[in-house]
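K.L.:
One structure, as structure tokens, below. Some questions next.
The values are calculated or read from the model by the stated rules, or taken from the named source; none is laboratory data. On a predicted model such as this, the values are computed, not experimentally measured, just so you know. As a convention, Cβ positions derive from the backbone with ideal geometry for all residues, glycine included, and neighbour counts pool all protein chains shown.
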Amino acid sequence: MRTIFLERHGSPEQAFAIREQPIPTPAANEVLIKVIAIGINYAEVLMRRGLYPVGKKLPYVPGFEASGTIEKLGPGGTQLKVGQRVVVMVPLGAYSEYICTNAANVILIPEKMSFEDAAAMPVNFATAYHCLFNTGVLLSGDRVLIHACAGGVGLAAVQFCKNAGVEIFGTASSDEKIKFLKEYGVHHPINYRTEDFSQKVRELTNGEGIDFVLDSLGRETLKKSMKLLRANGRLASIGVSSFTQKNKLQLLWELLRRPRLDALSLLQHSTGFYGVYLARFADRPKLFYSIMQNVLAQYTQGKIKPHIGKTFPFEKVAEAHALLEGRYSIGKLILLIRRAD
């Protein structure tokens, strides 16, 4: 089988190598998945740059999510069957033609769901759902600010917010994305490169502020966003993608200047802060399973659908990473595996 290894930190063209590896044999309670589609996430850009907070010794196989069919079952009590269409969330190792993982990580997908849509679900939609609905209450009429709104998590959050009847504020990095967000249903799209988003939000809300912020950028964006929260508001931090434009010395300086939370200030303003790292769902598979069942049910009902920005052949992983890192993409990027069989 072909497997994409992260060989070194650096540019997309230098970092990856495709190697032939033996197809693994599933052990007890494991499942072998024949992969068809793989979701690409910004965390993997951070890994490639050597900036990901949870490191692993090189070389290794990146990737968190993939969809395909069950090829083989290891011994154990699983009720899964060979040939079933599934999606998996794994700690690492999704950039491969076959994935061997614990049966607890495997979720059946609806018959009418495409493999591309399935591979776009675990990281983006589970993250958005958990942040919006499991960290507190989201009421109709609330105001929600979504940073990097044209990305995979951002567009997933927009769909959930539209269904919940909230007022949506979304930031993006280009006029093209702003135009797209308007058409997508975002009430107040803001180009953060040409406008001060915090000042714009204050103007649009008459100084009242925001009930919930979804932040994947970090640092200055996070600090400004915390100040926008009104009483009983909350912020969920899901990433630090602004760090990718830094070299190692700049990154160290940024880390030293990162925002510090003051518990007394949170108490006085009755606001909340949540850090959400989806890989920790591996510690609570039942919680992740529950979230995914809610997400897949809404997909089946036609309430949500991933926006696939572009698909790439498996061997074009460097091209996909360059597009994502350059912030040129809208929606989810997917690697597809084409086989002669």
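K.L.:
Can you find a residue in region 66-79 that is assigned to a loop (DSSP other than H, G, I, E, B), among the aliphatic types (A, V, I, L, M) and farther than 27 Å from residue 215 by Cα?
P.N.:
No - not one qualifying residue is present in region 66-79.
K.L.:
Specify which of the listed residues (51, 73) is out of contact with any Lys or Arg (no Cβ under 7 Å at 6 or more places or on another chain), assigned by TED's automatic domain parsing to the domain that holds residue 86 and closer than 15 Å to residue 8 by Cα.
P.N.:
Only one candidate qualifies: 51.
Okay, residues lined up against (1) without any contact (Cβ under 8 Å) to a residue 40 or more places away in the chain; (2) within 16 Å of the chain's Cα centre (by Cα):
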site: 41; (1), (2): no, yes
site: 44; (1), (2): no, yes
site: 50; (1), (2): no, no
site: 70; (1), (2): yes, no
site: 76; (1), (2): no, no
site: 79; (1), (2): yes, no
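K.L.:
Residue 306 fails exactly one of the following numbered conditions: (1) surrounded by 19 or more Cβ atoms within 10 Å (Cβ to Cβ); (2) part of a loop (DSSP other than H, G, I, E, B); (3) at pLDDT below 95; (4) of a type outside the set (Val, Ile, Thr). What is the number of that condition?
P.N.:
Looking at each condition in turn, residue 306 falls short on (3).
One line per residue, one yes/no per condition, for (1) of a type in the set (Phe, Trp, Tyr); (2) modelled with pLDDT of 95 or more; (3) crowded, with 23+ Cβ neighbours inside 10 Å; (4) closer than 25 Å to residue 123 by Cβ:
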| position | (1), (2), (3), (4) |
| --- | --- |
| 203 | no, yes, no, no |
| 212 | yes, yes, yes, yes |
| 222 | no, no, no, yes |
| 238 | no, no, yes, yes |
| 243 | yes, no, no, yes |
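K.L.:
Within region 161-178, take every residue that is surrounded by 24 or more Cβ atoms within 10 Å (Cβ to Cβ) and in contact with a helix residue (DSSP H, G or I) (Cβ under 9 Å, 6 or more places away or on another chain) and give me the one that is farthest from residue 40 (Cα to Cα).
P.N.:
169
K.L.:
Of the residues 17, 27, 66, which is surrounded by 15 or more Cβ atoms within 10 Å (Cβ to Cβ) and touching a residue at least 40 places away in the same chain (Cβ under 8 Å)?
P.N.:
Being surrounded by 15 or more Cβ atoms within 10 Å (Cβ to Cβ) and touching a residue at least 40 places away in the same chain (Cβ under 8 Å) holds for just one of 17, 27, 66, which is 66.
K.L.:
Could you check region 310-334 and list, in sequence order, the residues that are part of a strand (DSSP E or B) and either among the aromatic types (Phe, Trp, Tyr) or buried (at least 20 other Cβ atoms within 10 Å of the Cβ) (or both)?
P.N.:
Hits for region 310-334 are 312, 331, 332, 333, 334.
K.L.:
Another question, then. Residue 224 fails exactly one of the following numbered conditions: (1) within 28 Å of residue 308 (Cβ to Cβ); (2) out of contact with any strand residue (DSSP E or B) (no Cβ under 7 Å at 6 or more places or on another chain). What is the number of that condition?
P.N.:
(1)
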